[in-house]
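Asker: After the structure tokens below, expect a handful of questions from me.
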Amino acid sequence: MTMKEQDPAKPAVRLDVVVKEAAPSEHEEKLPSDICQAAVLEVLRGRIRSEIANASYDERRVVQKRLLSQPRLPKYVFYEAAARLQEQHGPSLGSVPITVRSVNISTPGAPSLWETMVKQDFFKLCKNVPTTGSNESHMLHVPIRVSDALCQDLPRKEEFQGVLRDTLQALKEDAQALVAAIEPMMLFYAGHGLGDEEVRFQPESLIPHYDQIRSTAHMNATVKPLDLRAVAPLIYRSPDHQHFLWTEHLTFVHARILPLLPSRLKPSKHKFWSTLLDEADIPVASRKIVSGSRTFRCATIWVRQGIAAWYYDGVAFREALQTLCHILLLMHVAPSDEKQFYVSQRSSIRRKKNTAEDKTTGDDTRDEEGGLSTHSNGSEKPTRTRVPKNERVLQLTEHLKALILDDSFEEDLTVDDVRQKMDGKDPDISNLSRHEADALCKLANQLRPFAPRKQSPFHPLLHIPFVVMANAVLNTAGYHHLLTPLYPPHHFEKMESHLPLRLNGETMYEIFCCKSKDSLFKLIDKNGTSVNAQEAHKHNDSVLHAFFDREHLASVCDKHNVLRLPYLYVRSEKEVVI
């Protein structure tokens, strides 16, 4: 890597490659398909290794399912394959270039190639990848000082670190604004489903006693029952529904809000996304994101990680289901215990709020009496809460959850159905009283229309209606502290463990080399030609190592026996992580 001072105010960083492709030539070499396929497969293996290395051991099967659900291969696979082929076969071809058009593999056949590899090689690759990412107890990473990792002849090193600091702060604000934009979309979908008309929901219909209605603010909530027969097939065949709140959708939302890259937006191709975005009541603040293209890619990935953990892993639905079933059964079969529990919870919350000001923000405390977990800044932290030690209600709760998720019934359940389902499963509770059987039957029939079934995939389109419905009921019953948030709480307080700012060719370009006046550097290729964002993405490795010393990073990886991934994580303006 060398520097070329084209502009005293903005030094140029030179790559070690020529990024501009030659014009299509009749002399362009079409390589044999078997050689091309081998190169593509090697790139795909690298992609799988990268995904494995960023997942905990427990998450690996989920990663495999996610990889199999991808409908098409990203274009960079073919660019990287062409680069490998140029390195391997270029000298034997003389001046004939090897470009992406030289990769002789049919695009329709590529996805099936990908599917076959994921199914056959995923767990073989798992054995050879030291791993892992999100689970801190399994994370293998090495922190490095930025000042040590940067290339020695890179100018403006202090300014470089300052830009990293500002970008980390902007990234957090950007991600929070994006969440503030998608939450109204989720509420709109909960109230309208796949249709145009909103449906009113009466939460008081699930509450048996008048004195248990402690708030009227949410009695006119809009929640439409889940149309499982319509939504479930769309998740498999419609990209808009399949990728709901995933990277492509979040990028679409982000671009429409800023707006970013308006020329690339094609609302006609994303009717479902456009409808939600146009009809939802997006906060004005979310439409004034100022960080722009410098952080939007990392922000969308960070938000997506929260969505993945909350919905695609089923956490939000399970939490809402557990809490709602428990509280409703207390109300129906043990109203006196429920009243005592409610009073103890309110007292606990008041007590904690009175002492929260003297505690350090971020420390968790737990109410030993009621089992309510709260955050020491006074805000309640929604978790699965332990209600009074009423073993009967605890057992009934598990059976109610099973009845709600049971996919062997199409019509409403009867009391006989309830008894039949419970016979022989739990000897301690098989002798249901008439009142208990009636409560289970009634609640199951009221809640089943909003819930997916046991065999349904974990997906936000299947879970959001139930979460919103459960929150409306709990609000009406006065349990505001037991609501399940639409987005995981405190997700953005864990920047040092999540490491959301990832430096690769594309993000390095957007943060340091974009065409705005305040960018720190210019980026040029080996011939001195300016490099744009797309070219930086294609030549990720060259861009990254134009700033960070390749040999130094390699020596650190060898010393600690760490797998070298094609990017770095930023912990602070002074430290990056391999």
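The values are calculated or read from the model by the stated rules, or taken from the named source; none is laboratory data. Note that the coordinates shown come from a computational prediction; the quantities given were computed from them, not determined experimentally. Ideal geometry is used to build each Cβ from the backbone, glycine not excepted, and the neighbour counts take in all protein chains shown.
Asker: Restricting the range 395-416 to residues that are modelled with pLDDT of 90 or more and among the hydroxyl-bearing types (Ser, Thr, Tyr), which is surrounded by the most Cβ atoms within 10 Å (Cβ to Cβ)?
Answerer: Per the stated criteria, the residue is 397.
Asker: Here are some conditions: (1) assigned by TED's automatic domain parsing to the domain that holds residue 299; (2) within 29 Å of residue 247 (Cα to Cα); (3) of a type in the set (Ser, Thr, Tyr). Residue 167 meets all but one. Which one does it not meet?
Answerer: (1)
Asker: Going by what's in this entry, would residue 526 be described as modelled with pLDDT under 80 and of a type outside the set (Ser, Thr, Tyr)?
Answerer: Yes: the conditions hold for residue 526.
Asker: Same structure again: Please go through (1) in contact with an Asp or Glu (Cβ under 7 Å, 6 or more places away or on another chain); (2) at positive phi for residue 490 and return the number of the only condition it doesn't satisfy.
Answerer: Condition not satisfied by residue 490: (1).
Asker: Hey, any hits in the range 328-345 for a residue that's modelled with pLDDT of 80 or more and among the β-branched types (Val, Ile, Thr)?
Answerer: Taking every residue of the range 328-345 in turn, at least one turns out to be modelled with pLDDT of 80 or more and among the β-branched types (Val, Ile, Thr).
Asker: Right, something else. Here are some conditions: (1) touching a strand residue (DSSP E or B) at 6+ places or on another chain (Cβ under 8 Å); (2) crowded, with 21+ Cβ neighbours inside 10 Å. Residue 490 meets all but one. Which one does it not meet?
Answerer: Against the list (1) touching a strand residue (DSSP E or B) at 6+ places or on another chain (Cβ under 8 Å); (2) crowded, with 21+ Cβ neighbours inside 10 Å, residue 490 comes up short only on (2).
Asker: Taking only pairs six or more apart or across chains, which ones have beta-carbon atoms under 6 Å, a first residue in the range 307-320 that is closer than 13 Å to residue 456 by Cα and assigned by TED's automatic domain parsing to the domain that holds residue 482, and a second residue that is outside any helix (DSSP H, G or I) and not acidic (Asp, Glu)?
Answerer: 312/458; 314/458
Asker: For the range 431-446, check the following and say yes or no: at least one residue is closer than 27 Å to residue 187 by Cα, basic (Lys, Arg), surrounded by fewer than 19 Cβ atoms within 10 Å (Cβ to Cβ) and at pLDDT 90 or above.
Answerer: yes
Asker: If we only count helices (runs of 4 or more DSSP H) wholly inside the range 171-266, which ones have 2 or more residues that are more than 30 Å from residue 534 (Cα to Cα) and assigned by TED's automatic domain parsing to the domain that holds residue 329?
Answerer: 228-237
Asker: Please find, within the range 264-299, the residue that is nearest to the chain's Cα centre (by Cα) out of those that are modelled with pLDDT under 85 and polar (S, T, N, Q).
Answerer: Among them, the one singled out is 295.
Asker: Still on this model: Say whether the condition of being free of Cβ contacts under 8 Å to residues at least 12 places away in the same chain, closer than 24 Å to residue 578 by Cβ and not acidic (Asp, Glu) is met by at least one residue in the range 515-535.
Answerer: So far as the range 515-535 goes, no, none of its residues is free of Cβ contacts under 8 Å to residues at least 12 places away in the same chain, closer than 24 Å to residue 578 by Cβ and not acidic (Asp, Glu).
Asker: Looking at (1) modelled with pLDDT under 85; (2) in a helix (DSSP H, G or I), can you tell me which one residue 141 breaks?
Answerer: Just one mismatch for residue 141, condition (2).
Asker: Starting from residues that are among the small types (Gly, Ala, Ser) and modelled with pLDDT under 80, keep the ones in the range 486-518 and report whichever is nearest to residue 303 (Cα to Cα).
Answerer: Among them, the one singled out is 497.
Asker: Oh, and also: Mind checking which helices (runs of 4 or more DSSP H) fall wholly inside the range 437-511 and carry at least 2 residues that are of a type in the set (S, T, N, Q)?
Answerer: The helices (runs of 4 or more DSSP H) meeting that bar are 460-476.
Asker: Being more than 15 Å from residue 200 (Cα to Cα) and in contact with a Leu (Cβ under 6 Å, 6 or more places away or on another chain) narrows it down to one of 442, 454, so name that one.
Answerer: After ruling out the rest, the residue left standing is 454.
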